[in-house]
Structure formats: C-alpha cells, structure tokens
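For reference, the structure discussed in these notes is given below.
Please treat every number below as a calculation from the coordinates, not as lab data. Treat the numbers as computed from the prediction; the structure is a model and nothing was measured. All Cβ positions, glycine included, derive from the backbone under ideal geometry; neighbour counts span all protein chains shown.
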C-alpha cells in the first residue's frame, strides 16, 4: 500500500545553522513577525535572530506574548499584530508553544476566522512562509503538520492538522538549546521519546517512519541523561536536537497514540506542561499498550540494548518498559501529587478527560483495542 511521507521544505541542522540560513531568511519576505516568549528575549536568543534579519535588511516585529502553552486568545492577539504591522512571513523562536502559535497564526492570515473553527477539520489554506527555530529538543513541532492550541471557552486542547502547517524552513541550531535548564531538558526530551515510541508502535506506522523512530529512541537513551546532567555538553545537545527532529518526522508520518491522547486533557485542565504530562503517563500507558504490540516494543527493547535476541517478544517488551521507567526516574519526573495536583479535583474530571482523550482520536491509534472506560481506569491508576 502506498503511503505519503512528509518533511519540512528545508532543514538546516548543527552548529552554525542560523548563520547558514542567513541568505534563505533574506529571501522569504520583506517583514517578519518573530513569535517567541519573554524568556527568549531575556536570554538574548531573540537578539541573535534579529541580528541575522537586520543583516539581510529584513524588517521585523516581535510578538513575545506566548506564556505557557498557547491559547486561542494568544493566537488572536498575534494575528492582530501581524496584520497591523504589515508582515509577510513568520519566524518562531522557542519551544513547541511559539512554533505551534506561529502555525495557528499563519493559518488565519489569509483565511480569517477563529482558530477554534478548525477543530476536527483538516487545515488547507494559503499560508505565509514559516520558519521554525526550536530552542528545546523535544516537541518536534518544527517538522510536523500539527499544532496544539487550547480553546479557553471549552477548556480543551485542540489537536489541529494540515500539511500546510509544516514550516517552510526548520533551523536546528544547538546554540539555542544550551540555555534550557535541566527540568525543561528532561520534560522535552521525554516528550521526544514519547513521539518516537508512539510512532513506532502506532497502527499507522510505516517503513520510513520506523527508521526515524528507532534512530530517535536509541539517540535519546544515549544522550538525554548526559544533556540533563551537563547542559553545556554540546555533543549531547546536538544529538538531542537531531533526535527530536527524527521523532517529529516519525510521528508526523504515522501518529501519536495513547500517551498523547491522555496527556492533552491533563495539560488543559491542570496546566501541566505537555512534555511533563507525557512523562507522568508513560509507565501506566505502556503497561496497557504492550499487550497489543509485543513485537514492536520488543524491537525497541533490543534497539537500546535492554533486551537481546534470546528474549521472547513479551520479555523484551517488559525490559523496554522497565528501561523507560528507570529513565523517567533518573530525570526526576514528578508524580501528579508531587506536581501539586489535588486528587479530588482530578477525580472529579476523569470522565471529561477520558471523553476528550478519545475524542482526539489519538488513543485509537494504539494497537491494543481501547475504550473510554480503559482510559478512565488508567487515570485512576496514576494515584
């Protein structure tokens, strides 16, 4: 069966990537809107992008109101600034939130309307050129056709999709990830691991996505602990940036599954960062998912050296799960309670969260058959 495989129009990776992209940035338009956050401004990362744009005589305006995970309100404000400033292309600098915000803003530039109107639809509209410069190694948003935006009226995270949302240019420069603190490094790195694992074990997996997913999983197990302990280790940062890109390409062409489906409602209702809520769910979700795909999880166990050819598929799968749990513990992933979520408040919305998870469609990509009742039970098992 024929399958489509989608990647960004152009990718520049490695030390000096921003400098190499200088000429390309100068050809995308006359005025850019840089979508970023206050932290990137304070760290001086935005100034580096500004310098390159100035060298190409490209005008720009900065929209730095992305605080936490993006909402429909932030998107509306960004769209207003883009139009008032007369911009003709977009540059996102930051983690997944600024990049997702850029995509959402871009989708409304020519088409208008409200981003919530795209829920459940495939976005297929004319887009301005988009440049993604990730500063964390995790979300993979620089390589995907997805964006996640919170609908503040319905208290849900909307998973929006469309090939037009893939950035025209992805600049993967490790100079920007060097400033990520250990907690962010851990959460985003585990997010990338989720992307790769789910892509490989999804019902929609394909040969090319498998290649990227396996490579990402091996790279993450080798380099994430190093980047967590020593943020100035450039090799570890470079390898994690590559792993995040690989994982993004993988799930962009297969899908995410159970973990992401259950993670989004937690993030929407309890304001847990996306990568962290994924990490919190990994043990419980893998316990459920293994049974439906022992052969696939066994491949992962053998790929990282946790299992070998003498192990049965079931045993190798269990060893992979144990390795994942050990990694989350090494990276000091908190439980829901340790994060500060109230148990009673959590249990009061389990039914809504389970409904929203299933409504997203992601859990159904898990190879083991799953119901809303299964998800409700897994939420309860987190305590």
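Rg to Rh ratio, the chain, alpha-carbon atoms and Kirkwood radius?
With Rh from the inverse mean 1/r over Cα pairs, Rg/Rh is 0.96.
For the chain, the longest principal axis of the alpha carbon atoms and the long axis of helix 294-303 meet at an angle near 70°. Estimated from the Cβ-Cβ distance and a Förster radius of 45 angstrom, the FRET efficiency linking residue 368 and residue 342 is about 0.90.
Averaging sequence separations of C-alpha pairs under 8 Å and six or more residues apart, then dividing by the length of region 10-176, give the relative contact order as a whole percent. Here the relative contact order equals 27 percent.
Remark: spin-label model distance residue 229-residue 80 equals 5.0 nm, labels positioned 7 Å along the Cα→Cβ axis. DSSP beta bridges confined to region 110-246 are antiparallel in about 65 percent of cases.
Helical content of the chain, expressed as a calculated mean residue ellipticity at 222 nm, amounts to -16500 deg cm²/dmol (DSSP H runs of 4 or more residues, -39,500 (n - 2.57) each, divided by residue number, nearest 500). Does anyone have the angle between helix 274-289 and the longest principal axis of the chain? Alpha-carbon axes, 0 to 90°, nearest 10? Relative to the chain, helix 274-289 is tipped by roughly 30 degrees.
For the chain, the share of DSSP beta bridges that are antiparallel, to the nearest 5, is 25%.
Take peptides 222-228, 288-294 and line them up by average Cβ neighbours within 10 Å, highest first, as a rough protection proxy.
Descending packing order for the listed peptides: 222-228, 288-294.
In region 77-91, which residues have a backbone nitrogen under 15 Å from the label point lying 7 Å from residue 31's Cα in the Cα-to-Cβ direction? Those under the cut-off are 79-91.
Expressed as a rounded percentage, what relative contact order does the chain have, with Cα pairs under 8 Å and six or more residues apart?
Working: 792 pairs, mean separation 58.5, N = 383.
Computed value for the chain: 15 percent relative contact order.
What's the FRET efficiency of residue 51 with residue 203 using the Cβ-Cβ distance as r and R₀ = 30 Å, to the nearest 0.05? It comes out at approximately 0.05. Comparing Cα centroids, region 155-184 and region 262-302 end up 20 angstrom apart.
Would you work out the relative contact order for region 241-374, in percent, from Cα pairs under 8 angstrom that are 6 or more residues apart? Walk me through the numbers before you get to the answer.
Working: 133 pairs, mean separation 45.5, N = 134.
Rounded, it is 34 percent for region 241-374.
Taking Cα atoms only, the orientation of helix 207-229 departs from the longest principal axis of the chain by about 90 degrees. Kirkwood analysis of the Cα pair distances in region 14-149 returns a hydrodynamic radius of 14.9 Å. In the Gaussian network model of the chain, springs joining C-alpha atoms below 10 Å, which of 203, 229, 237 carries the largest mean-square fluctuation? Highest fluctuation among the options: 229.
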